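**Q** Handing you this structure, nothing more for now.
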Amino acid sequence: MPDLEKTARKLLPLRHFADDKLYTGAYLSQLVQRERLKAEKIGRNYFTCEKWFKEYLDKHACDDKRAVHEKLEKQKAKNTFKLKSWITAAIATAVFVLFVYVALTSFADKPDRAGRVAGVSEYNIATSTR
């Protein structure tokens, strides 16, 4: 098998597909050993790709399992979108807070037109020069 084809295909451990609660990891391992599910053995673990898993579902799984898998895939995609939007909102908030902090600290020590510095009273200035 060419290396390009291996890199184009994303191999995932069988436990990734067992997380969907459709099948257990042990059952998926049995399917691989019975040569019903295509997989590659790397070290002591089996790895398969989404394409091979969908081929198994199309050939051998009942309609209920296929429907549940499709529903779970849509739900995962939706949750990924929610996570990305939450991260974007958090980053935007952090940038805004940083901008406000920089703006406040850069103008805090500069005197205004009358020569007064914000937050420093005349009393503090007079006592600090003595």
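Coordinate-derived values only; no laboratory data. Keep in mind the model is a prediction, meaning the values are calculated, not measured. Positions of Cβ are generated from backbone atoms using ideal geometry, with glycine treated the same way; all protein chains shown enter the neighbour counts.
**Q** Could you give the nm distance between label points at residue 35 and residue 11, where each point is 7 Å from its Cα heading toward the beta carbon?
**A** 1.9 nm
**Q** May I pose another question? Taking neighbour Cβ counts within 10 Å as the exposure measure, how do 16, 60, 69 sort from fewest upward?
**A** Arranged by neighbour count, lowest to highest, 16, 60, 69 become 60, 16, 69.
**Q** Separate question: Once you put a point 7 Å from the Cα of residue 75 and another 7 Å from the Cα of residue 95, both along the Cβ direction, what distance in nm separates them?
**A** Label at residue 75, label at residue 95, 3.4 nm between them.
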